[in-house]
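Inspection log for the structure reproduced underneath, given as structure tokens.
The values are calculated or read from the model by the stated rules, or taken from the named source; none is laboratory data. All of these numbers come straight from a predicted model, not from anything done at the bench. Positions of Cβ are generated from backbone atoms using ideal geometry, with glycine treated the same way; all protein chains shown enter the neighbour counts.
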Amino acid sequence: MERMRIVRRLFMDCKGNVRTNIELQLEFSAIGRIPKFSRNYMGIIHHIGRYVLWISKVFKRPEKWRIYRQRIFEEVQNLGYASLGLVAIVSGFMGAVLTIQLAYNIDSPLIPLYTVGLGVRDSLILEFSPTIISIILAGKVGSSIAGEIGTMRVTDQIDALDIMGVNSTNYLVGPKMIAAIICNPFIVIISMILGLVGGYAAGILTGEVSGNTFIFGIQYWFQPFYITYALIKTVIFAIIITTVPAYFGYHTSGGALEVGKASTISVVYSIVIILTFNLILTQMLLQ
Amino acid sequence: MIELKGLNKSFGDHHVLKDISAQFHKGQVNIIIGQSGSGKTVLTKCMVGLHDVDSGTIEYDGVDFASMSFKEKKSIRKDIGMLFQGGALFDSMTVEGNIMFPLSMFTDQTLAERRARSQFCLDRVNLPNAAKLLPSELSGGMKKRVAIARAIATNPKYLFCDEPNSGLDPKTGLVIDQLIKEITEEYQITTIVITHDMNSVIEIGENIQFIYEGEKWWEGSKEEILRTENKEVVDFVYASKFMKRVRADLAK
């Protein structure tokens, strides 16, 4: 049954009409002889090459610094300030859950209870605040950027900028990237603080850890480099969160359907790239 | 004046523009007509520099635009105004913001000067009270008029209009056509209009170029296009029953 379905899909078009020999020959000659995994790799290499060429335009000199500065302030408001509410909620609950889970798992009398505070602090600083918050921002901010730039593309607004002589990539993407580089470290630091506050509150409210023990734990054996490590990751993730969705939006063609697809695919790619860079940076910085 | 000489453009194996040579005159409404897929939009995109050409020259008052670098093209682009099919107004800006945008980018005018110029352009397109509106609050015809106001804000020498009255009722379409003609004559602009609409051709067309399968097939005035015997042009111009009746009347 399954085999029949595949054969039908191969030899009939979407309307159920049988495809001609010429159509099939063209399709096979174009893609049939290339193994599927090679095609996927070629697609990725194509995107990487195009992304690198495109992103170089972001670093060109802006036409008017005054307008560029103004756009950066607007984007700080759109990408940074507007994300604070979501980040606060996620961070508070994240810290609270971490505290309860750690306290629940520490049932040996040999392990002191202040390790809950220590564990929550290190988990938040090293991983949860920079990486999880960046992934959440990739969903919130990334889809908005891809949607905005994609819509501008399909409604000729980007062409209008190009014809005027404006470097559209620099004008549209540069301020977003700079705003995210400025804002995201602050957002991540706020997330760390709120996560610890959430953990502290959860410890007291559930009676699992006393306030003094938790505070002793978060102060115990503190490594300032962890903050530097988290902020380095955040800055790299900020560049990914803004430029990858902008790339997909910028290269959209068609209509509303394609803009929606670009928005979805940009979030998927951003998350995968963030996770990949997370691994690379962790290996490089914490070795 | 804009002059094209031996323009060729291909996408892969698909040869879209084939050796196109044409002249578009100053102070006239030059019209490019042709069927869908004949290459009109690609030709316009090549002319404004959105596509690079494979061979040939595009001369703006004797200066070859096609061979210029990206930076050099900026000097010509500042003299180009473009009216897109959907208006292409920036959604995040008010009407005034849209019109002031090219002035903010490329002039050192003060805010008061830019505001005055914006209001002047809005008055010119008969939208004196639209400055504070957003594009989403405008009708199709109003959007086109704001797009014209934005296109003329920097006093362009060349104006490109891509299907200026598509999606508009015939009366509003006529208003837009008249506005384009008036502005062309008033400011002595080289205007190029791409259209399917024979009403526009008859109403404002002075120098008409017919593109057929990527080639410049025919050229003439609006009087000539009505009387031509060229089969492809006749098939295009007299495609509707109404136009066939017009042709029969002309023959009488």
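Every condition in (1) among the hydrophobic types (A, V, I, L, M, F, W, C); (2) within 30 Å of B:Ala153 (Cα to Cα); (3) touching a residue at least 60 places away in the same chain (Cβ under 8 Å); (4) part of a helix (DSSP H, G or I) is met by B:Phe236 except one, and the failing one is (2). Would it be correct to say that A:Val166 is in a loop (DSSP other than H, G, I, E, B) and in contact (Cβ under 8 Å) with a residue 60 or more places away in the chain? It is true that A:Val166 is in a loop (DSSP other than H, G, I, E, B) and in contact (Cβ under 8 Å) with a residue 60 or more places away in the chain.
For the condition more than 17 Å from A:Ile163 (Cβ to Cβ), at pLDDT 90 or above and part of a loop (DSSP other than H, G, I, E, B), B:Gly37 does not qualify. Within region B:95-116, being within 10 Å of chain A (Cβ to nearest Cβ), in contact (Cβ under 8 Å) with a residue 40 or more places away in the chain and of a type outside the set (S, T, N, Q) holds for B:Phe101, B:Pro102, B:Phe106.
Only residues that are on the phi < 0 side of the Ramachandran plot and more than 8 Å from every other protein chain (Cβ to nearest Cβ) were counted in region B:77-94, giving 6. Within region A:159-178, restricting attention to residues that are in contact with a Ser or Thr (Cβ under 8 Å, 6 or more places away or on another chain) and at pLDDT 95 or above, the residue that is nearest to A:His251 (Cα to Cα) is A:Val173. When the residues of region A:156-211 are filtered to those that are away from every other protein chain (no Cβ under 11 Å) and aromatic (Phe, Trp, Tyr), the one that is surrounded by the most Cβ atoms within 10 Å (Cβ to Cβ) is A:Tyr200. Only one of the numbered conditions (1) part of a loop (DSSP other than H, G, I, E, B); (2) surrounded by fewer than 18 Cβ atoms within 10 Å (Cβ to Cβ) is violated by B:Phe120, and that is (1). Residue under question is A:Ile271, and the condition is that it be free of Cβ contacts under 8 Å to residues at least 12 places away in the same chain and part of a helix (DSSP H, G or I); does it hold? Here the answer is no, as A:Ile271 does not meet what is asked. The residue that is surrounded by the fewest Cβ atoms within 10 Å (Cβ to Cβ), counting only those in region B:68-106 that are in a helix (DSSP H, G or I) and among the hydroxyl-bearing types (Ser, Thr, Tyr), is B:Ser75. Among residues of region B:38-57 being within 14 Å of another protein chain (Cβ to nearest Cβ) and of a type in the set (A, V, I, L, M), the one that is farthest from B:Ala22 (Cα to Cα) is B:Leu50.
Of the residues making up region A:47-99, those that are farther than 26 Å from A:Ser266 by Cα and either surrounded by fewer than 19 Cβ atoms within 10 Å (Cβ to Cβ) or of a type in the set (Asp, Glu) (or both) are A:Arg61, A:Glu63, A:Lys64, A:Trp65, A:Arg66, A:Ile67, A:Arg69, A:Gln70, A:Phe93, A:Val97.
Residues in region A:115-153 that are away from chain B (no Cβ under 14 Å), in contact with a Phe, Trp or Tyr (Cβ under 9 Å, 6 or more places away or on another chain) and of a type in the set (Lys, Arg): 1 in all. Among the residues of region B:183-224, the ones that are part of a strand (DSSP E or B) and among the hydroxyl-bearing types (Ser, Thr, Tyr) come to 4 in all.
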